[in-house]
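Novice: Take a look at this one; I'll ask things after.
Please treat every number below as a calculation from the coordinates, not as lab data. Treat the numbers as computed from the prediction; the structure is a model and nothing was measured. No Cβ is skipped: glycine too gets one built from the backbone with ideal geometry, and neighbour counts run over all protein chains shown.
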Amino acid sequence: MNEKQPTYWEVMRERGYSRRDFIRFCSWLAAFIGLESTGITKVVKAMETKPRLPVVWFHFQECTCCSESFIRTSHPIVADIILDKISLDYTETLQAAAGFQAEEALHNTMKKYKGEYVMLVEGSVPTNDDGVYCCIGGRTALDIVKEAAEGAKAIIAWGSCASNGCIQSSKPNPTGAKPVHKVISGKPIIKVPGCPPIGEVMAGVIVHILTFDRIPQLDGLGRPKAFYSRRVHDTCYRRPNYDAGLFVETFDDENAKRGYCLYKIGCRGPVTYNACGVTRWNNGVSYPIQSGHPCIGCSEESFWDNGPFYQHLASFPGFGIESTADKIGFALGAVTVAGIAAHAITTNIRKRKLIQNQINENNQKGGE
């Protein structure tokens, strides 16, 4: 019989957090997983009554940026309670145990909580030459991921490496790196892409499973709709400049100083689905575009091979905030490009007329 796990509220109370801290934390989590205010009670009840999720967190071909992002989430209780408690079962990067003790902890969790634990994967899985390019404890990542997936309740693919292969799978991909869904089948897999994904998004996915005992609603590519249903372009504060045809031409030109749109210097915001412009980074302070750098589309598949980062795309699908990841298509992209071209021509003609009128007025005044 499985030993009873403490609930999150019990752990928080032991750590000295007040009831008010607990309610505020639940409200914060409810907001991040897209619940209305009436849904806060569901989160409170889940955190009060349900035992913590048994979790095993693996690291394969990656740089650990997903873990780094998670532990630097803007809410301190996430790292203090969620990460600390779920990672005690097994996580190669943050656990204190090593060697035999670490492997024993992993297999004890997989045995005790078969069918109940959540499996988190950070990094792609090499498959060439029997997977020898990534080995842990004398075993290949390929063997480990298959074994752990067998008894998992659900699998979360953290970051672009686990979600779509990322840089490791870029051409020519010598190790045969593959994302989790191309190695494992028959299990619910949640993709949380990004290089890295936003820490609050990661926390939100875990809490959704805890609260509702099921995976969140996913889009056609297996990503949580609560965080990946809109393009970065649609929530970008520079969007009005795009619509007005005001673009940065080169880094540090006058247009860049004015905060104009970064599309012409390679911004992939129009084809990238992520919550960067809404949630942002570093306690909500900023995100790449706000810091003056174009989006490189790190949450989209094959972003590393999709041409030079600082060269704008010839076309992009969809236009307007009503577009979604499941509706856009090539035909709509073609229409969009035509519309952009027409808009640009009209804007230029209007500007030329204004300039010419100003010149004529100045000449008249000079003549007087």
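Novice: Between the alpha-carbon centers of the range 280-300 and the range 17-69, tell me the distance in whole angstrom.
Specialist: Distance between centres, Cα-based: 23 Å.
Novice: I would also like to ask the following. Select from the range 186-283 those GluC sites (Glu not before Pro) which occupy a DSSP coil region and have at most 16 other Cβ atoms within 10 Å, ordered by residue number.
Specialist: Those satisfying the criteria are GLU249.
Novice: Please list the non-local residues whose amide H lies under 5 Å from the amide H of ALA154, H modeled 1.01 Å from N, same-chain partners needing a gap of 5 or more.
Specialist: Amide H to amide H, under 5 Å and 5 or more residues apart or across chains, ALA154 pairs with MET119.
Novice: Follow-up question, since we're still on this one. With an 8 Å cut-off on Cα pairs and a minimum separation of 6 or more residues, tell me the relative contact order of the range 121-168 in percent.
Specialist: Computed value for the range 121-168: 49 percent relative contact order.
Novice: Then there's this: What do you get for chymotrypsin sites (Phe, Trp or Tyr not before Pro) in the range 205-298 restricted to DSSP loop and a cutoff of at most 13 other Cβ within 10 Å of the site's Cβ?
Specialist: Numbers: sites: PHE212, PHE227, TYR228, TYR237, TYR242, PHE247, PHE251, TYR260, TYR263, TYR273, TRP281; in loops: TYR237, PHE251, TYR260.
Here the sparse-neighbourhood loop sites are TYR237, PHE251.
Novice: What does the charge count around ASN306 come to, taking other residues whose C-beta lies under 13 Å from its C-beta (Lys +1, Arg +1, Asp -1, Glu -1)?
Specialist: Surrounding charge for ASN306 is -1.
Novice: Counting other Cβ atoms within 10 Å of each Cβ, which chymotrypsin sites (Phe, Trp or Tyr not before Pro) in the range 3-33 have at most 10 and sit in a DSSP loop?
Specialist: Listed in order of number, the matching sites amount to none.
Novice: Of the listed pairs LYS114/LYS171; LYS50/LYS178; LYS111/LYS171; LYS42/LYS187; LYS112/LYS187; LYS171/LYS225, which have alpha-carbon separations greater than 31 Å here?
Specialist: LYS114/LYS171; LYS50/LYS178; LYS111/LYS171
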